[in-house]
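For reference, the structure is listed below as structure tokens.
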Amino acid sequence: MAKKKMLVFIIVIIIILMVCLGCFFRYSYLNKATSKDKDIIRSSVPTVFVHGSGSSYHAEQQMANYAKLNGVTNTIVRANVSRSGKVTWIGNSIKKDAQNPIIEVNLVNNKSVSARATNQAPALDKSSIYIKDVLISMQKKYHFTKVNLVGHSMGNLQIAYYLCNNTTNIKLPKLQKQVSIAGHYDGYIGELNSPKKVSLNHEGRPNKMDTGYRGILSLREKFPSNARVLNIYGNTGGGSDGSVTTASAKSYRYLVSARARSYQEKEIYGEKAQHSNLHENIEVDRILVKFLWGK
């Protein structure tokens, strides 16, 4: 009996030590993260994350949580968008003194553009209204006048079409920074009627354009001239991320670089450069933090 009590006692002590060690390492990590605070710009400008087709806000969580753990923000809220465009806010409200708040968009209608459509432009145009719904609701609730936009995959096309249709609307928040991750601007692998073997000239202009790309050509005259753009794309070794070719992703340059305040590209290599892995890639997280909030 005494041996059994001693064994239980030892097990309890081991559990306590493991919990203490876990707390210590977590505290050390957070302390290390917050030591970078001096490298972070403190701003009230919100950053809105938009997920891809068939996805949800879960695809945005690692990037948002990485920013939070690294002292960028302590405010992450979710904007749930119904099929009709009604926006419901989930989580604590964004306080007036919140720094670098993050908004995770969750689209209920996450397959608003059919892969079977031979002309995707009309559906993309209609789907982009969801972005406008979020920003109008955000502005009414929090009165923000500026915004950063981050998209993955289809989210980038919704953002691009939103910008095409609304850059002259002075009632909407002005774009400050845009991050495109795995954007299939000139079509994606397997898309019906998507151009094959596309090449880009020195301006980034593709020699073949699909209907979705033609639908946003007016960005060359409309893109906000004060906005900075970062275009991140993956290459697993064959010139694509498995779903989007590097040429399709890089074709965004032709649409915005002549007007944007700055435009830069970042190619991610290897297994973690796969299309869906890009939003779970710590290298992408670091690049995002530096571009959006770094001094």
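Please go through region 166-196 and pick out each residue that is touching a strand residue (DSSP E or B) at 6+ places or on another chain (Cβ under 9 Å), among the charged types (D, E, K, R) and farther than 20 Å from V284 by Cα.
Start the filter on region 166-196 by keeping residues that are touching a strand residue (DSSP E or B) at 6+ places or on another chain (Cβ under 9 Å), which leaves 167, 172-189, 195.
Checking the rest, the ones that are also among the charged types (D, E, K, R) come to 174, 177, 186.
Within region 166-196, K174, D186 qualify.
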Original post:
Is it the case that some residue within region 113-123 is surrounded by fewer than 17 Cβ atoms within 10 Å (Cβ to Cβ) and either under 18 Å from K140 (Cα atoms) or among the acidic types (D, E) (or both)?
Top reply: no
**OP:** Keeping to region 130-160, report how many residues are within 14 Å of S53 (Cβ to Cβ) and aromatic (F, W, Y).
**Re:** 1
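Within the group I94, I129, I90, which residue is under 20 Å from Q61 (Cβ atoms) and touching a residue at least 40 places away in the same chain (Cβ under 8 Å)? Full working, then the answer.
Numbers: I129 fails: under 20 Å from Q61 (Cβ atoms); I90 fails: touching a residue at least 40 places away in the same chain (Cβ under 8 Å).
After ruling out the rest, the residue left standing is I94.
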Original post:
When you go through R78, R116 one by one, which is the residue that is in contact (Cβ under 8 Å) with a residue 24 or more places away in the chain, in contact with a strand residue (DSSP E or B) (Cβ under 8 Å, 6 or more places away or on another chain) and more than 20 Å from A160 (Cα to Cα)?
Top reply: R78
Original post:
Looking at region 200-260, what helices (runs of 4 or more DSSP H) fall wholly within it and have at least 3 residues that are open to solvent by less than 30 Å² (accessible area, probe 1.4 Å)?
Top reply: 246-250, 252-256
Original post:
Quick one: R78 ticks every box in (1) of a type outside the set (S, T, Y); (2) in a strand (DSSP E or B); (3) open to solvent by 50 Å² or more (accessible area, probe 1.4 Å); (4) touching a Lys or Arg at 6+ places or on another chain (Cβ under 9 Å) bar one, so which box is it?
Top reply: (4)
Subject >> Checking Q176 against (1) more than 27 Å from Q139 (Cβ to Cβ); (2) buried (at least 17 other Cβ atoms within 10 Å of the Cβ), the condition it does not meet >> reply: (1)
**OP:** Please indicate, with yes or no, whether at least one residue in region 28-48 is in contact with a His (Cβ under 7 Å, 6 or more places away or on another chain), open to solvent by less than 20 Å² (accessible area, probe 1.4 Å) and at pLDDT 95 or above.
**Re:** no
**OP:** Please enumerate the residues belonging to region 167-183 that are assigned to a loop (DSSP other than H, G, I, E, B) and closer than 16 Å to V150 by Cβ.
**Re:** P173, A182, G183
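Conditions (1) closer than 23 Å to S276 by Cβ; (2) modelled with pLDDT of 95 or more, marked per residue:
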{"residue": "A121", "(1), (2)": "no, no"}
{"residue": "K141", "(1), (2)": "no, yes"}
{"residue": "V147", "(1), (2)": "no, yes"}
{"residue": "C164", "(1), (2)": "no, yes"}
{"residue": "L172", "(1), (2)": "no, yes"}
{"residue": "V179", "(1), (2)": "yes, yes"}
{"residue": "G183", "(1), (2)": "yes, yes"}
{"residue": "D210", "(1), (2)": "yes, no"}
{"residue": "R214", "(1), (2)": "no, yes"}
Original post:
Here are some conditions: (1) under 16 Å from L163 (Cβ atoms); (2) out of contact with any helix residue (DSSP H, G or I) (no Cβ under 7 Å at 6 or more places or on another chain); (3) not basic (K, R). G237 meets all but one. Which one does it not meet?
Top reply: (1)
Original post:
Which of the residues belonging to region 94-132 are of a type outside the set (V, I, T), within 21 Å of the chain's Cα centre (by Cα) and part of a loop (DSSP other than H, G, I, E, B)?
Top reply: A98, Q99, N100, P101, N109, N110, K111, S112, S128
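The values are calculated or read from the model by the stated rules, or taken from the named source; none is laboratory data. Since the structure is predicted, the reported quantities are computational estimates derived from the model, not experimental observations. When we count neighbours, we look across all protein chains shown, and the Cβ atoms used for this are built from the backbone with ideal geometry, even at glycine. Remember, those area values only see protein heavy atoms, side chains included, never the ligands or the DNA or RNA. Shrake-Rupley method; radii C 1.70, N 1.55, O 1.52, S 1.80 Å.
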